[in-house]
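Here it is: the structure, laid out below.
The values are calculated or read from the model by the stated rules, or taken from the named source; none is laboratory data. Keep in mind it's a predicted model, so treat the numbers as computed, not measured. Counting neighbours? That spans all protein chains shown, and the Cβs are built from the backbone with ideal geometry, glycine included. Remember, those area values only see protein heavy atoms, side chains included, never the ligands or the DNA or RNA. Shrake-Rupley method; radii C 1.70, N 1.55, O 1.52, S 1.80 Å.
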Amino acid sequence: MPVPRPEPGLLRTALVHAARLTVLSCFALAEPLLDILGRNPEFFSVRRSTSTQIVLFALFVVFVPPAVLIAAELLVRVFSRRAADVLHVFFVAGLVAVIVLHALTNRASLSGASALVVAAAVGVLGAMLYRLSSPVGSFLTVLAPVPFIFLALFLFDSDASKLVFVKHPHVAEQRIHSTTPVVLIVFDEFAPIALMNRDEGIDAARYPNFAALARRSTWYHSATTVQWLTEQAVPAVLTGILPPKGHQLLPIYADHPNNVFTLLGGSYRVRAVESLTQLCPQRLCKEVRGASPSAVSDATGSLANDASVVYLHLLLPDPYSDEIPAISDSWGNFGKAEAPETQQAAGPLEPCGRNVCRFASTFGRGGKPTLYVLHSLLPHVPYLYLPSGRRYGVQAPLLRGIDHNVPQGDWPAIQGYQRFLLQSEYTDRALGLLVRRLKAKGIFDRALVIVTADHGVSYRKGEPRRKPTPGNLQDIAFMPLFVKLPHQHTGRVDNGFAQTIDIVPTIARVLGARMPWHVDGKPLVGRQLARDGTVAVRLGNGKAQTARLSELLARRHQALLRQFSIFGSTPASIYRIGPDADLIGRPLSKLPVEPSESAGVDLDGRELLDVVDKHTDLLPTWIQGGLTGQHGKNEEIAIAVNGRIEAMTRTFQGVDGTGFGGMVPENALHDGRNAVTILVVHHEDGRRTLESFRGTNETTKLVRRGGIELIRSSEGKPIPIRADALRGQVQAEAGALDVFNGWAAVPSLLHRADSVIVFADGKEVFSSPTAQLLPHRVFKHRGLIAFHFELPHGLLPRPGPQHRVRVFGIRLGVATELPIKGPWPWAH
């Protein structure tokens, strides 16, 4: 009689299962993520990730997910060996399904639900094969070294290895005898036609500060960039060297040791605020680097959160990936807005956003000659700012109708450009603040002042916003460039062929310094610029988008004419866009308006419109929402505020139905409650009529059913409240606005809440996806992303024990009330 084979011991089973799950997890999770991040190390550099953080991140991705799975399996095995075996096979099925889904998504062979079904089916078949055929399991065991190979390839052989093994190249210091201060201001994503009037001069009405600068400087009217990616374009500005045609360098000192900081650092004091690059060596910029955060608020939390966003883009097929925040619009914490400095509007609001006031605080009198360098993400997306210095949202409203940076129609392109123009006017005010501060410190007149941008931006139907193509090169190739020489008082315009790589050689020429390294640019002073030439904006991989300068200038002029045909020539006309624009400014009482019998409207942020306070920097002029009932594409919508039509727009079809959005002028709103009416415009038999939509009366509330508290959404959907679903906390402090800070995450701390909602005396006053709220550092739990937002006082009840303000985090349809930390103005 055959002797039965002994069951393998617990330790052996655990080790074998752990090895197999680790192999599958690496193919499902670690390899795709480490591969794309290894090829795009800018992901780490712009987050100021240290070598230790990168190594820990790689170890986490490779070993922690399978460790969690095997721990769960062992825990179940304590109670039932059979149940543990079933769970193990279930894990195998899930990991195989994820691997297959990656393959389907990357090849676009299937999409939508069909891809998910196929992946799930293959996962089940793979698990059955694994269970029934021992060679399959043995093969996975043989692959046990694979995780270590993936890890080694990422740490030692990928482009990210430069950040793991950091080099500090030595650069010989130059002795410069000049005492002229140097101020270099680099804006971002700034098309210069935004600044122009019909004659291609500076529009002084909209941009008084750029106009004032032009009157005292040389405006290089035809200046062009050499690269379209910020992480390559800004180093070209700061080094004078063309980006390499093949392998791309990282925007760090180790890859760009010859730069304006090392050129002047031996003789000059350096005060620099770099938003995305790290070209200034720490020995020169230690003081400012330690005091000024970059565009990313917390490297560790941002790294974990943004890596998950990248992974979901790799994994999920269309259309599910459309629900994930974009990974190319905002540097660090994809898809989230930057919190502006809250101000009380006792006087003119200071445009402090995007490091402007932080940079201005570095200006000083006397002492050692100083190099001042700022790279500010203005007027770069996300668009949030108005010309007055106010912002029009608690978080930046998304650009609707723009998919993967490509406008899907003419109207989304026009609205995106409108918001760009408004933020460009804010950028003009920021420039004015910097110039005033420079003059107050006695720096401006005697300084060499250079104001430029890294590249332009484009808003055209079917064309990328950033990547150059033959159809948008005239928008992206040009950028502003102003050079004010020391004690220059007369402005001039130079139409010659100038490039961003000419800036550092110009600084050296003006200071009388010898360039100690080869530069591709040439000084802009002391020579006659060519009248024409070949503009080449490098794309990477040895490719470039090229055209003759004269051809691009002609195309730019046509773009300028189009800009004026749409947006007019006055500050007010920027709002008078859209279909039936003649309706703007007309009172509803004098128009044929009929109420809709079936359709309704749900305004986003309705509460903010009820408590407008012009003494703060928050003014909700961007009005958006959703429509109920049946609607077609591109229907004409009128937005009336306080009885008068203030904006015209069109509908768009989104994943959550028919929506709309439009910008109204600042003077359309008054303090307190503002009445907003949404109307559709009909054209029949040459007659124009307007149909007004009913606003929804339902709001999200806290209710009790059977003695149990829950949240009832405005659609009537119940959201259960569980105290153990999330961990977190919230704190509040008073100011010009009520400021809320906190965090909310699942108990494992691996995922944050999907959204945050605030109730005052049982009624919703604010809600937002956490992806659109500014992340702040979480000191106790560094792996988490916290939230930060500010609400007007009128939105909340007066402080006191008679009122309750409660904050909830929501994830996967379950809510948890966040515990309060510190003083709380209302009842606990």
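What FRET efficiency, computed as 1/(1 + (r/R0)^6) with R0 = 35 Å and r the Cβ-Cβ distance, is obtained for S589 and K701, rounded to the nearest 0.05?
Plugging the Cβ-Cβ distance into 1/(1 + (r/R0)^6) gives 0.55.
When the gyration tensor of region 609-694 is built from Cα positions, what are the square roots of 5 times its three eigenvalues, in whole Å, from largest to smallest?
Square roots of five times the eigenvalues give 25, 15, 10 Å.
So for each of 228-239, 677-688 I average, over its residues, the number of other beta carbons within 10 Å; can you give me the resulting order with the highest mean first?
Highest-to-lowest ranking by the protection proxy: 228-239, 677-688.
Next up: Please pull out the direction-averaged projected area of region 87-206, using the convex hull of its alpha-carbon atoms, in nm² to one decimal place.
Projected area, direction-averaged: 18.3 nm².
Mind jotting down the three principal axis lengths of region 372-529 based on Cα atoms? Whole angstrom, largest first.
The Cα atoms of region 372-529 stretch 51, 39, 28 Å along their principal axes.
Also, quick follow-up: State, to one decimal in nm, how far the label point of R215 lies from the label point of K633, with both points 7 Å from Cα in the Cβ direction.
So the label points at R215 and K633 sit 4.9 nm apart.
Of all trypsin sites (Lys or Arg not before Pro) in region 561-635, which ones are in loop regions per DSSP and have a Cβ with at most 13 other Cβ atoms within 10 Å?
K633
Moving on to the next point. Identify the residues of region 583-622 with backbone N under 18 Å of a label point that sits 7 angstrom from the Cα of D685 along the Cα-to-Cβ direction, or state none.
Label zone hits: 592-594.
Projected onto the charge dipole of the chain (+1 at Lys/Arg Cβ, -1 at Asp/Glu Cβ, origin at the Cα centre), which of A152, P379, F652 gives the Cα projection farthest towards the positive end?
My answer, from the dipole projection, is A152.
Also: Identify all lysines with a Cα-Cα distance to K245 below 28 Å; exclude those on the same chain that are fewer than 8 residues away in sequence.
List returned: K162, K167, K467, K522, K543.
What translational diffusion coefficient, to the nearest whole µm²/s, does region 460-548 have by Stokes-Einstein, given a Kirkwood radius computed over alpha-carbon pairs, a temperature of 37 °C and 0.692 mPa s viscosity?
Once the numbers are plugged in, D ends up at 215 µm²/s.
Let me ask something additional. Looking at the chain only, what percent of DSSP beta bridges run antiparallel? Nearest 5 please.
75 percent
Less than 18 Å from a label point 7 Å out along the Cα-to-Cβ axis of S51: which backbone N atoms in region 163-203 qualify, by residue?
The answer is 163-171.
Another question, then. If each of S361 and L11 carries a label point 7 Å out from its Cα toward its Cβ, how far apart are those two points in nm?
Reported label-point gap for S361 and L11 is 5.8 nm.
Under a cut-off of 19 Å between alpha-carbon atoms, report the lysines in cross-link reach of K441, not counting same-chain residues fewer than 8 places apart.
K368, K484
Measure of size requested: the Rg and Dmax of the chain, with Cα atoms as the atom set and Å as the unit; please supply both.
In order Rg, Dmax, the Cα atoms of the chain give 28.9, 107 Å.
Rounded to the nearest 0.05, what FRET efficiency is calculated for D580 and H670 with R0 set to 22 Å and r the Cβ-Cβ distance?
Approximately 0.30, to the nearest 0.05.
Compute the distance in nm between two label points, each set 7 Å from the Cα along the Cα-to-Cβ direction, one at F90 and one at L529.
With each label point 7 Å from Cα toward Cβ, the separation is 6.7 nm.
Quick one: order Y385, Y253 from most to least accessible surface, probe 1.4 Å.
Accessible-area ranking of Y385, Y253, largest first: Y253, Y385.
Can I ask one more? Mind checking the full-extension length gain between F139 and R548? Use 0.36 nm per residue of separation minus the Cα-Cα distance, one decimal, nm.
141.4 nm
In whole Hz, with x marking every Gly and Pro, tabulate ³J(HN,Hα) for region 815-822 from phi via Karplus 6.51 cos²θ - 1.76 cosθ + 1.60, θ = phi - 60°.
Using θ = phi - 60°, the values come out as 10, 9, 6, 7, x, 8, 10, x Hz.
Let me ask something else about it. For a protection proxy built on the mean count of beta-carbon atoms within 10 angstrom, sort 599-605, 488-494, 637-643 highest first, please.
Sorting 599-605, 488-494, 637-643 by mean packing, highest first, produces 637-643, 599-605, 488-494.
May I pose another question? Which value results when the Cα radius of gyration for region 391-432 is divided by 2.2 N^0.38 Å?
Normalised Cα radius of gyration, region 391-432: 1.31.
If r is the Cβ-Cβ distance from F148 to D520 and R0 is 60 Å, what FRET efficiency results, to the nearest 0.05?
That gives a FRET efficiency of 0.90.
Please state the relative contact order of the chain as a whole percent: Cα pairs under 8 Å, 6+ residues apart?
13 percent.
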